[in-house]
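Novice: The structure under discussion is supplied below as structure tokens; questions concerning it will follow.
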């Protein structure tokens, strides 16, 4: 019986519930499964399979319309049910396939990031090693430079000592030279340097002082004190003044020959510290003198 | 009839080849397909050609569903494995 006619009959009789058309279980299942598939991932991921299920269901519905209880209706509904399930399964498979691809991309991306991080760490370590190497090289260079400077300073000191010894040898030929606690003392006779009661250097004295100056310039980093001495004759005031002026004259001459004026000073000592007896002419001559005191290193 | 029967067997073989026997849901439909194929053969022998053909269509639909279910199950396993590998890689780098 056609469903339209059935509805009319039921409406006339007023027993709609009793006249509800029979639906085989297979068709009910097929409708539900198809509806689920159509609202699930099949619509987007397996549209062709879903369409086959839809066609199959339409065919089942048509058969049901003609023969609700017929075996053909149940078979066609059964087939529609399976096609709808297959559409759903294929769609879920497509989703899974896409998840595999996404996971693979994620894996590759993560792996690249890890490799990148590891390369950065390796780069930083290499840079640190390079910097450390550079620091070591620099330290080595600095140590070598320090050693070179030390050797140079040692050489300079050695040279200075040698020059000082050479100067001492030279000076010993020009004047009396002695080593005392206050330093090396070069004693020049007053009669060789100055005329009697004068504080102006004699021409011959200048020649001799030139040689002394040359020798002293070899040790020009040392402090020098020029000390003038007199004999015991005359007043102390006069002797102090004369000995001071004579010491000044010698200092001025040495400065004029290139000795650092800041390192050289002059003092008048008068009759102090006589080296001979003032009662004899020879002794007094010895006491009239100029002493050039070359201070010890570091004084 | 022979042609439909062969088509049904072909899909059943395909289902077996993709591992439908190892996945419970797919195995069920594969079994249904085989049973319906057998029933179709008897029906045909009884002279119900039309009923036999519909049974073969049912069998083919079940076999096709078994193929889809078996493939999907494998793909879902592969997807879980791939995601596990990603998570393992990420956690090993923390």
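The values are calculated or read from the model by the stated rules, or taken from the named source; none is laboratory data. The model shown is predicted, which means the values in this text are computed figures rather than measured ones. All Cβ positions, glycine included, derive from the backbone under ideal geometry; neighbour counts span all protein chains shown.
Novice: Of the numbered conditions (1) assigned to a helix (DSSP H, G or I); (2) within 18 Å of residue A:174 (Cβ to Cβ); (3) touching a residue at least 24 places away in the same chain (Cβ under 8 Å), residue A:284 satisfies every one except a single condition; which is it?
Specialist: Every listed condition holds for residue A:284 apart from (2).
Novice: Also: Would you call residue A:84 modelled with pLDDT of 90 or more, surrounded by 10 or more Cβ atoms within 10 Å (Cβ to Cβ) and either under 30 Å from residue A:25 (Cβ atoms) or more than 14 Å from chain B (Cβ to nearest Cβ) (or both)?
Specialist: On the way: modelled with pLDDT of 90 or more: yes; surrounded by 10 or more Cβ atoms within 10 Å (Cβ to Cβ): yes; either under 30 Å from residue A:25 (Cβ atoms) or more than 14 Å from chain B (Cβ to nearest Cβ) (or both): yes.
Taking the combined requirement at face value, the residue satisfies it.
Novice: Among the residues of the range B:14-42 satisfying the criterion of being buried (at least 20 other Cβ atoms within 10 Å of the Cβ) and free of Cβ contacts under 8 Å to residues at least 40 places away in the same chain, which is farthest from the other protein chains (Cβ to nearest Cβ)?
Specialist: Only one residue tops the list, namely B:37.
Novice: Is there a residue being at pLDDT below 85 and touching a strand residue (DSSP E or B) at 6+ places or on another chain (Cβ under 6 Å) anywhere in the range A:195-213?
Specialist: Among the residues of the range A:195-213, not one is at pLDDT below 85 and touching a strand residue (DSSP E or B) at 6+ places or on another chain (Cβ under 6 Å), which makes the answer no.
Novice: I've got another one for you. For the range B:69-94, enumerate the residues that are within 7 Å of chain A (Cβ to nearest Cβ) and without any contact (Cβ under 8 Å) to a residue 24 or more places away in the chain.
Specialist: Let us first name the residues in the range B:69-94 that are within 7 Å of chain A (Cβ to nearest Cβ), namely B:69, B:71-72, B:75-76, B:78-79, B:82-83, B:85-86, B:89-90, B:93.
Scanning the range B:69-94 gives B:72, B:75, B:76, B:78, B:79, B:82, B:83, B:85, B:86, B:89, B:90, B:93.
Novice: So which of A:91, A:56, A:96, A:77 is modelled with pLDDT of 95 or more, part of a helix (DSSP H, G or I) and within 7 Å of chain B (Cβ to nearest Cβ)? Lay out the reasoning, then the answer.
Specialist: Numbers: A:91 fails: within 7 Å of chain B (Cβ to nearest Cβ); A:56 fails: within 7 Å of chain B (Cβ to nearest Cβ); A:77 fails: within 7 Å of chain B (Cβ to nearest Cβ).
Step by step, each of A:91, A:56, A:96, A:77 is checked, and only A:96 is modelled with pLDDT of 95 or more, part of a helix (DSSP H, G or I) and within 7 Å of chain B (Cβ to nearest Cβ).
Novice: Here is a further query. So which of A:208, A:156, A:150, A:163 ends up being surrounded by 14 or more Cβ atoms within 10 Å (Cβ to Cβ) and under 50 Å from the mean Cα position of the chain (by Cα)?
Specialist: Working: A:208 fails: under 50 Å from the mean Cα position of the chain (by Cα); A:156 fails: surrounded by 14 or more Cβ atoms within 10 Å (Cβ to Cβ); A:150 fails: surrounded by 14 or more Cβ atoms within 10 Å (Cβ to Cβ).
From the options A:208, A:156, A:150, A:163, the qualifying one is A:163.
Novice: Please indicate, with yes or no, whether at least one residue in the range B:51-68 is in a helix (DSSP H, G or I), within 9 Å of another protein chain (Cβ to nearest Cβ) and closer than 30 Å to residue A:106 by Cα.
Specialist: Checked against the condition, which is being in a helix (DSSP H, G or I), within 9 Å of another protein chain (Cβ to nearest Cβ) and closer than 30 Å to residue A:106 by Cα, the range B:51-68 yields at least one hit.
Novice: Quick one: is residue A:115 within 30 Å of residue B:86 (Cα to Cα) and at the interface with chain B (Cβ under 8 Å from one of its Cβ atoms)? Explain how you work it out, then say what you get.
Specialist: Working: within 30 Å of residue B:86 (Cα to Cα): yes; at the interface with chain B (Cβ under 8 Å from one of its Cβ atoms): no.
Here the answer is no, as residue A:115 does not meet what is asked.
Novice: If you scan the range A:176-198, which residues turn out to be outside any strand (DSSP E or B) and surrounded by fewer than 19 Cβ atoms within 10 Å (Cβ to Cβ)? Let's see the steps before the verdict.
Specialist: Of the range A:176-198, the ones outside any strand (DSSP E or B) are A:181-182, A:190-193, A:195-198.
Within the range A:176-198, A:181, A:182, A:191, A:192, A:195, A:196, A:197, A:198 meet the criteria.
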